[in-house]
Amino acid sequence: MKTNQDTVLSIYQSFELPEDDSRIKKIKEMNYSKVLVITEDWCGDAMMNLPILKHISEALNLEVRVFHRDDDTKLIDQYLTNGKSRAIPIFVFLNDQFEQETVWGPRANEVQKFVTDVRADKLPSKDHPDYADLEKETHLVISNRYKTDASFWKAVYNSILNKLENK
């Protein structure tokens, strides 16, 4: 990892799994053993979501394998968001026979709402002369929130666990 490495480590060190979360014990008894991660290290969503997944995978004793989206798009094309977008990260949870049990990603619902609202507030149409500058500014606002907002981290945690629990 080259991009966002310090932030990923900072989020990992700052986030703590809730003590005595009964869902962890329940999910441990389910048939999950591996998680296939489709990502890129430049991705802001991955910057926030991967440290949370690491905590979860440690608690559940999941083997984690990372695949870079842009190295071979055949994999991500099986997991398009809304049937068209190569959005990342995508977490594919597998059983011992390497069969897919469930898929999560790229964002928790609360985070998606924030991103949608910020983009609606800050971005003009793509043909606007200031669009590129405003898009960079918008990405910075989103990224800064990802880096610092523990409520987002908790939303990601809960979203992943709920997906695993209710596959």
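None of the figures in this text is laboratory data; all of them are computed from the coordinates on show. Values in this document were obtained by computation on a predicted structure and should not be read as measured data. Every residue, glycine as well, gets a Cβ built from its backbone with ideal geometry; the counts of neighbours run over all protein chains shown.
Points to keep in mind about this one:
- Cross-link pairs exceeding 24 Å between alpha carbons, from the set Lys147/Lys167; Lys25/Lys147; Lys84/Lys113; Lys28/Lys163; Lys2/Lys136; Lys2/Lys147: Lys147/Lys167; Lys25/Lys147.
- For the chain, the relative contact order is 26 percent, taking Cα pairs closer than 8 Å that sit 6 or more residues apart in sequence and dividing their mean separation by the residue count.
- Candidates per GluC sites (Glu not before Pro) in the range 51-115, loop by DSSP, up to 15 other Cβ within 10 Å: Glu99
- By the helix-only formula, in which each DSSP H run with n ≥ 4 contributes -39500 (n - 2.57) and the sum is divided by residues, the chain has a 222 nm mean residue ellipticity of -16000 deg cm²/dmol.
- Among Leu53, Leu80, Leu94, the residue with the largest mean-square fluctuation in a Gaussian network model of the chain, with springs joining Cα atoms closer than 10 Å, is Leu80.
- When +1 charges are put on Lys and Arg Cβ atoms and -1 charges on Asp and Glu Cβ atoms, the dipole computed for the range 3-104 relative to its Cα centre reaches about 260 debye.
- Based on every Cα atom in the range 31-107, Rg and the maximum pairwise Cα distance Dmax equal 11.8, 33 Å.
- Estimated FRET transfer efficiency (Val64, Asp127; beta-carbon r; R0 45 Å; 0.05): 0.60
- Taking Asp133, Asp117, Asp70 in turn, the Gaussian network model of the chain (Cα-Cα springs below 10 Å) assigns the largest fluctuation to Asp133.
- Restricting the GluC sites (Glu not before Pro) of the range 16-49 to loop positions (DSSP other than H, G, I, E, B) with no more than 11 neighbouring Cβ atoms within 10 Å leaves Glu16, Glu19, Glu29.
- Estimated D of the range 54-155 in µm² per second, where Rh is the Kirkwood radius over Cα pairs and Stokes-Einstein applies at 25 °C, 0.890 mPa s: 152
- Between the range 62-116 and the range 2-20, the alpha-carbon center distance in angstrom: 20
- Cβ-based charge dipole, the range 84-152, positive-most Cα from Ser125, Val111, Ile90: Ser125
- Charged-residue dipole, Cβ positions (Lys, Arg, Asp, Glu), the range 11-167 about Cα centre, Debye nearest 20: 280
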